[in-house]
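Everything on this sheet refers to the single structure shown next.
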Amino acid sequence: MALNDRVLGIGALFFAAFLTWFGYDLEAPFTYEPVGPKAFPLMLALIIAICGVRLAYKGGNTVEPNPEGANFRIMTMIIYVATYAFLFQWVGFILSTALMTIFVGRLFNGAWIKCIVGGVAMGLLFFLLFDKALDVVLPTGILGDLL
Amino acid sequence: MSGLMEHLSIGFGVAFSGINLLVAALGSFIGTIVGVLPGLGPINGVAMLVPIAFAMQLPPETALILLAAVYVGAEYGGRITSILINVPGEAAAVMTTLDGYPLARQGLASVALSLSAWSSFIGSTIAIFGILLLAPLLAKWAIAFGPAEYFVLMVFAFCALTSLLGEQPVKGILAAMIGLAIATVGVDANSGVYRYTFDLPNLADGIDFVVVVIGLFAVSEMLQMLENLLSGISIDVPKSERKLFNLKEMAFTWWSTVRAGFLGFFIGILPGAGASVASAVAYANEKKLIESKDPDAKFGKGDMRGLAAPESANNSAATGSFIPMLALGVPGSGTTAVMMGALTLYNITPGPVLFDTQPQLVWGLIASLFIANVMLLLMNIPMVRVFASMLSIPSWLLVPGILSISFIGVYAINATTFDLMLVVGIGVIGYFLRKMNVPMAPLVLGVVLGDMMEQNLRRALSITNGEISILFESPISISLWVAAILVGVVPPLLRKFSRKNEIHVPAN
């Protein structure tokens, strides 16, 4: 499916519908003021819907498709980033970062050996820099006892 | 005048403390690198450092000095690749390629680099004095604002930002509304009602603006980088015999630099216009002015005035854009919106009272801007090769590094996996929005201003018990409405009529 203004407009209409659907029943148990908690979100939904109608009606501005292979790379990257997010706390910073660097590095055409060395070094160095030197606490994960 | 001296002494007192000097130097250095790397601009650099500064428990003024130094540093750094390889390091450096790159081809790379560092310095210095004089006046004026005036002021900021940014204002409006909608998530402060939280405890406090910003400016940026894989960038520049510009060249470009500095400053104050617009306007202005008088001008083929003007203007605009944030509490650009978000992490709400309640923060920041500029000038002339060598960091190492630092920052705020997952989701949505040319700056502004905008609207309407006429009552509100309509209507019309000699301004 080619991306264009019509797709964006329809997306905006869905978002407006979502905001309205989940915002309509917002009522404050006690009110001290004339404007309750739902007025502002509903106003936003209205403006988003107007933008959506206009974009969907006019259409056009088709986005140039990505070069060959790019969509696959992007999909892969999304999976890697999501996996990194998932493992970050659970496995710990050092291991998850090393793994992420190896795989993302491969995606950016790094050689295996360079990516492995780079990944391990990055995991360790950033941990020392942020956790030990700068006091930004990072998860130790399954290496918890060692660190 | 005595007030000014007093402010300066407070400011330099803060700026000259050890940690703040160190942070200014570090920020300038990091900022220049961020500016050099194509694909990373000031907003990315600032966004990545916000949570880290907060997690390191830097005091607010120190954190702000760090971020400001990165911002200004990035404006310096952007010029390096423009001149050396004809690739602007960030959006505001596009104009610098026009005459900078031809100069480098003629064997004047080092001269062009040092001269543009000098123009950047002059531009920023003009803007810093501008802040010193104008910001307190503006704050004094704005202190009389009631909630209605504030609401209209924010409407004006959105109008300016969306209409100046792109060809399609409707997408700008959409972006702003999405941002405001993101800000409604969480407990409603007035009624205690949970909005759009879906019973998830992680959403009860709302979506942290850091999560949004990192998603939009780190994750989706990376996805965009994967569209076209660049193999390493090689720098092949003819050798230059001279390292530094000479006095003759300085005199030759002096008035262009000064004119562009003032122009950039005033453009920078306007919400929305920012550094990219300023450098484009300054270049066009100098070109028109000089070509009409000087038949030997060779703009586009390596005229030093065409190099000095946009560099001076983009730095003065970047510095000038602190004014609306500091004096009004309404940031005028994506990058200052991120900085304001950083202040809200510290529970500091920028605005006119800031000059009274946090003088050390305001004046310390302004003095530090000056010090960072001196440092940047000193760094950028001898160390330009060091910065340029950053380009040889391969992307297989750079991208994981950026991702890792971004995640460290997000994790530092709430220490939850949920936030990291949210970053990924927002990054993916942001990627699609970018593909469809939805500008990101209004979205960020929406997230940062959302709460304030809604609160002020509700407070204003409480005064009149729901009558919306209060929004149109005071002369200030009325003139702000008029300004909002003008800024919304005039630039698109101008664009329509001046298609012929249009200058392309990249939306950042």
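The values are calculated or read from the model by the stated rules, or taken from the named source; none is laboratory data. Model, not experiment: these values are computed from the prediction. Please note: Cβ atoms are built from the backbone with ideal geometry, for glycine as well, and neighbour counts cover all protein chains shown.
Determine whether B:L174 is within 14 Å of chain A (Cβ to nearest Cβ) and under 26 Å from the mean Cα position of the chain (by Cα).
When the stated conditions are applied, B:L174 passes them.
Can you work out which of the residues in the stretch B:358-404 that are in a loop (DSSP other than H, G, I, E, B) and within 14 Å of chain A (Cβ to nearest Cβ) is surrounded by the most Cβ atoms within 10 Å (Cβ to Cβ)?
Within the stretch B:358-404, the first condition is being in a loop (DSSP other than H, G, I, E, B), and the residues that meet it are B:358, B:381-383, B:393-394.
Next, only the ones that are within 14 Å of chain A (Cβ to nearest Cβ) stay: B:393-394.
Values: B:I393: 13, B:P394: 17.
Here the residue is B:P394.
Matching residues to (1) closer than 17 Å to B:Y196 by Cα; (2) out of contact with any Asp or Glu (no Cβ under 7 Å at 6 or more places or on another chain):
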position	(1), (2)
A:L3	no, yes
A:L8	no, yes
A:A17	yes, yes
A:T20	yes, yes
A:E33	no, yes
A:F40	yes, no
A:M43	yes, yes
A:L55	no, no
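All but one of (1) assigned to a loop (DSSP other than H, G, I, E, B); (2) more than 7 Å from chain B (Cβ to nearest Cβ); (3) in contact with a helix residue (DSSP H, G or I) (Cβ under 7 Å, 6 or more places away or on another chain) hold for A:A56, so report the exception by its number.
Among (1) assigned to a loop (DSSP other than H, G, I, E, B); (2) more than 7 Å from chain B (Cβ to nearest Cβ); (3) in contact with a helix residue (DSSP H, G or I) (Cβ under 7 Å, 6 or more places away or on another chain), the lone unmet condition for A:A56 is (1).
Among the residues of the stretch B:198-211, is there at least one that is buried (at least 21 other Cβ atoms within 10 Å of the Cβ), within 12 Å of chain A (Cβ to nearest Cβ) and within 30 Å of A:N61 (Cβ to Cβ)?
Yes; the residues of the stretch B:198-211 include at least one that is buried (at least 21 other Cβ atoms within 10 Å of the Cβ), within 12 Å of chain A (Cβ to nearest Cβ) and within 30 Å of A:N61 (Cβ to Cβ).
Touching a Lys or Arg at 6+ places or on another chain (Cβ under 6 Å), within 14 Å of chain A (Cβ to nearest Cβ), among the acidic types (D, E) and more than 28 Å from B:G11 (Cα to Cα), is that true of B:D188?
Considered against the rule, which asks whether it is touching a Lys or Arg at 6+ places or on another chain (Cβ under 6 Å), within 14 Å of chain A (Cβ to nearest Cβ), among the acidic types (D, E) and more than 28 Å from B:G11 (Cα to Cα), B:D188 comes out as yes.
Is there a residue being crowded, with 20+ Cβ neighbours inside 10 Å and in a helix (DSSP H, G or I) anywhere in the stretch B:184-196?
No, every residue in the stretch B:184-196 fails to be crowded, with 20+ Cβ neighbours inside 10 Å and in a helix (DSSP H, G or I).
Okay, residues lined up against (1) modelled with pLDDT under 90; (2) surrounded by 16 or more Cβ atoms within 10 Å (Cβ to Cβ); (3) not in a helix (DSSP H, G or I):
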| residue | (1), (2), (3) |
| --- | --- |
| B:S406 | no, yes, no |
| B:L422 | no, yes, no |
| B:L433 | no, yes, no |
| B:G446 | no, yes, no |
| B:E454 | no, yes, no |
| B:L457 | no, yes, no |
| B:I476 | yes, yes, no |
| B:K496 | yes, no, no |
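Tally time: how many residues in the stretch A:93-146 are part of a loop (DSSP other than H, G, I, E, B) and either touching a residue at least 24 places away in the same chain (Cβ under 8 Å) or touching a helix residue (DSSP H, G or I) at 6+ places or on another chain (Cβ under 6 Å) (or both)?
7
Can you tell me which of B:G89, B:G107, B:G123, B:G130 is among the small types (G, A, S), in contact with a Leu (Cβ under 7 Å, 6 or more places away or on another chain) and touching a residue at least 12 places away in the same chain (Cβ under 8 Å)?
Exactly one residue qualifies, and that residue is B:G89.
Just wondering, is there one or more residues in the stretch B:478-485 that are over 23 Å from A:M122 (Cα atoms) and crowded, with 23+ Cβ neighbours inside 10 Å?
The answer is yes; a qualifying residue exists.
Listed here are the residues, each with its yes/no results for (1) β-branched (V, I, T); (2) out of contact with any Phe, Trp or Tyr (no Cβ under 9 Å at 6 or more places or on another chain).
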{"site": "B:D451", "(1), (2)": "no, yes"}
{"site": "B:T464", "(1), (2)": "yes, yes"}
{"site": "B:E473", "(1), (2)": "no, yes"}
{"site": "B:I476", "(1), (2)": "yes, no"}
{"site": "B:I485", "(1), (2)": "yes, yes"}
{"site": "B:R495", "(1), (2)": "no, yes"}
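For the stretch B:467-474, indicate whether the set of residues that are among the aromatic types (F, W, Y) and within 8 Å of another protein chain (Cβ to nearest Cβ) is non-empty.
The answer is no; no qualifying residue exists.
Is there a residue in the stretch B:342-349 that is surrounded by fewer than 18 Cβ atoms within 10 Å (Cβ to Cβ), more than 11 Å from chain A (Cβ to nearest Cβ), on the phi > 0 side of the Ramachandran plot and assigned to a loop (DSSP other than H, G, I, E, B)?
yes
Looking only at residues that are in a helix (DSSP H, G or I) and facing chain B (nearest Cβ under 8 Å) in the stretch A:20-38, which one is modelled with the lowest pLDDT?
A:G23
Collect the residues in the stretch A:66-116 that are charged (D, E, K, R) and more than 9 Å from chain B (Cβ to nearest Cβ), keeping them in residue-number order.
A:E68
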